[in-house]
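Right, one structure below, let's go through it.
The values are calculated or read from the model by the stated rules, or taken from the named source; none is laboratory data. Bear in mind that the values here come from a model prediction, so they are computed numbers and not experimental data. For neighbour counting, all protein chains shown are included, and Cβ atoms are generated from backbone atoms with ideal geometry for every residue, glycine included.
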4 protein chains.
Amino acid sequence: MTGAMASQETTDREWGKTRSDKRARILDAAITVFARSGYHGARVSDIAREAGIAYGLVYHYFRNKEEILASAFEERWGDFLAVVDAIAQGGQPARQKLVSVAALILNADRVRPDWVKVLVLEIQRSSRFAAPEQIRAVGRLFEQVARIVREGQEAGDLRPDVDPNVACFVFVGALDLVITSLVLGLTVIEGGDAQQRAYHDRAAAAVVDVFLRGMEPRA
Amino acid sequence: MTGAMASQETTDREWGKTRSDKRARILDAAITVFARSGYHGARVSDIAREAGIAYGLVYHYFRNKEEILASAFEERWGDFLAVVDAIAQGGQPARQKLVSVAALILNADRVRPDWVKVLVLEIQRSSRFAAPEQIRAVGRLFEQVARIVREGQEAGDLRPDVDPNVACFVFVGALDLVITSLVLGLTVIEGGDAQQRAYHDRAAAAVVDVFLRGMEPRA
Amino acid sequence: MTGAMASQETTDREWGKTRSDKRARILDAAITVFARSGYHGARVSDIAREAGIAYGLVYHYFRNKEEILASAFEERWGDFLAVVDAIAQGGQPARQKLVSVAALILNADRVRPDWVKVLVLEIQRSSRFAAPEQIRAVGRLFEQVARIVREGQEAGDLRPDVDPNVACFVFVGALDLVITSLVLGLTVIEGGDAQQRAYHDRAAAAVVDVFLRGMEPRA
Amino acid sequence: MTGAMASQETTDREWGKTRSDKRARILDAAITVFARSGYHGARVSDIAREAGIAYGLVYHYFRNKEEILASAFEERWGDFLAVVDAIAQGGQPARQKLVSVAALILNADRVRPDWVKVLVLEIQRSSRFAAPEQIRAVGRLFEQVARIVREGQEAGDLRPDVDPNVACFVFVGALDLVITSLVLGLTVIEGGDAQQRAYHDRAAAAVVDVFLRGMEPRA
DNA sequence: CATGAATGAGAATTCATTCAT
DNA sequence: GATGAATGAATTCTCATTCAT
């Protein structure tokens, strides 16, 4: 989600637009349009217009509409996963890692709501027909979180009697639904960016807190 | 999800098909087809063929394709919500209510995976364009769960320092992702029905347990 | 080319248009348009307009454009072959059979130039990509003519020292080129229908004559 | 078909590719691709790739796709016609000339099946829309053959009572169909090059023989 | 000359919805 | 109620041709 978006074959001449530049513009435009209209509601012509390029050029860079979504997913999700990987491999205690992941996910929604919308809502749609790679890519997120859990269990920071995968689903599912409720407008945050940030931070903290300490009062 | 499927105007004459019978067949067929191909991928003709009726007859019972999905959602989801309502209004302690809700959701997936698939995956899709009633309907589930949480807090069974809505998102989100991982095939359960039931029961128990007692080891 | 065009599933109700009626109209329109513009130059919308029906109805009866051509070929060519079969199986001497075949082919061009144009010019086009059935269908014409030759040889009416297949190619090829030269406008016949008919008859007679007696003067 | 391929403005500098060299490569590539995919099925990019040159360069040498076909036709057909001209103007008897023409045509198919395929099948296609020059060019072949016939008639070698044009159609049509049956795979010759050559030679001889002496047994 | 990115008109095909029987 | 033929707007994808570098 952060991280340099690796440009595939940029020659990076100083005078201007390169191959991958247009490609990236198409991808950005596509995410915007997908987020606005949904995958099936998005017309290729919309994407072209949003990108400010000619219609047919889209097909110069992508075989078809499906490949646009797949590429967008692959690259953005790749960036996102890289950050999760970095967090998972860090030396911090499990609790801190989980806070970081939660903050990453929830903040991503604040900074790039389009991307999150598409990653969260649109991918499932196509993935059931198409690429199992995409499903596997989603699976990689779970693996990283499950790994954080497992290492936390081994370090004695987390209960060892819960399947790491189930724990992972609880954690990610909780975050996912918090986001979805925001995306779908079930939760409405009034106020400006500051208020939104505050809500996200509080939500992240609360999710981690419930996940770690549970809802039952401690003696 | 359980409960009688409310037939609107069944006359139940002994000699054969009645209005609501055909209507129900269309709805069942639609869910099957939506689950198989997704809402946009499903053709009205597919639904008609699956229901074993003539093409145009669908339009006697439903104004359009969207209404088919809406009706399927409304009726099936209504059945489901009725059960959740009953659980929420019962006199049991919060923990027991949550176990019941978790078991209800996870078992629904085992008994009627098609329905769950559609409810979980397809509704989000169309809901952003179409009926806000559907969103509100989903919201009613959250309300019930939040109510269970709130009453648990008032009864001293649950920590009072967590927003019931956030707690609700954590709980439902966790269940949702467990289901989704099953639906998407991220989690594969080998063995027969008994094994599946066992997995679901364990998962339900684990989700509730993590939700209530947290992942941090207690002293 | 003559003969009743077998209507596939006509129910023949007295009040009007039946399924196969529309189908036949599309086929007729297609042949007209193909003859005018060529297969690739013909738009499906042209065919629909020529047939006086809605655009999409074409796709009710035919899977795609290619299938229209294939069907047109199959049915018209089938009619044509039936007549050739009848000639070949008749009890006349080979010479008479060949005159009949030549007259059939050349007259077909006079009566239904569109059909001949399409059969002669357009089929080769697609046949190289698509249906080997079409190639085999053309082959059946050759088989019938070769059979006439073979039986003529066995009856002592024709020289036995020439491969019947080669003889068949000479005969059909000769007729084909006469037609093609008419279709392409290399040969222009002035005057009305009577003149055209006269030319065709003379050409048919001449082709058979050359085929049978050769160009070398007889002692 | 044999003969030097007339290069328009060859400079033949020793250091490498010249204008006409690239041009010729495009033409060769085009024929290969036309033969493989048909005129309409051939993309300009296919031709460029086959020729091993850049996409847009094709448009330096040819105004458009049609002109590529026209040029290929013109130049290759021109070479072919030159040979036919030479044969027609020779001092041999008609029979010998016809044998030469038949051998020329059939052997061309053996040596350069691509060229023949395109000349035979593709030209008709475009000729009805495009250049009447091409039709006239095809007409020139007929003229030469008709001339051979006419001079044979005048010399007393051939029957005078047959229209030279009809005789010409019989002869060329026969050859054309022998070729077409080879091109379409209706006639399959097993064995290697030697067998093919033998078949062609026999076929050429047989066609001429039938054309000259007819199929009826002589007393 | 050479390159290949950019353009956009054009065509096939799909499919929800209507309607005559 | 039941049927499925008929409609046509909407959209994706193709590909010849142009043009900036």
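Odds and ends about this structure:
- The helices (runs of 4 or more DSSP H) found entirely in the stretch A:34-117 that carry 3 or more residues being of a type in the set (Val, Ile, Thr) and away from DNA strand E (no atom under 16 Å from the Cβ) are A:65-89, A:94-111.
- With respect to the conditions (1) in contact (Cβ under 8 Å) with a residue 40 or more places away in the chain; (2) within 21 Å of the chain's Cα centre (by Cα), A:Ala86 lacks only one, and its number is (1).
- Near pairs, Cβ below 7 angstrom, 6+ apart or cross-chain, from the stretch D:43-57 (under 14 Å from D:Ile31 (Cβ atoms) and more than 6 Å from DNA strand F (Cβ to nearest atom)) to any residue that is among the basic types (Lys, Arg) and assigned to a helix (DSSP H, G or I): D:Ala51/D:Arg25
- Residues (closer than 23 Å to D:Arg112 by Cα and more than 7 Å from DNA strand F (Cβ to nearest atom)) located in the stretch D:59-74: D:Glu67, D:Ile68, D:Leu69, D:Ala70, D:Ser71, D:Ala72, D:Phe73, D:Glu74
- Condition met for D:Gly173 (within 30 Å of C:Asp114 (Cα to Cα), at the interface with chain C (Cβ under 7 Å from one of its Cβ atoms) and modelled with pLDDT of 85 or more): yes
- Number of residues in the stretch B:80-111 that are charged (D, E, K, R) and buried (at least 18 other Cβ atoms within 10 Å of the Cβ): the value is 3.
- Enumeration of residues in the stretch D:188-212 that are within 11 Å of chain C (Cβ to nearest Cβ) and more than 16 Å from D:Val172 (Cα to Cα): D:Tyr199, D:Arg202
- Picking from residues in the stretch A:41-62 that are under 19 Å from A:Glu74 (Cβ atoms) and hydroxyl-bearing (Ser, Thr, Tyr), the one that is surrounded by the most Cβ atoms within 10 Å (Cβ to Cβ) is A:Tyr61.
- Candidates D:Arg125, D:Arg140, D:Arg150, filtered to the one that is modelled with pLDDT of 90 or more and not hydroxyl-bearing (Ser, Thr, Tyr): D:Arg150
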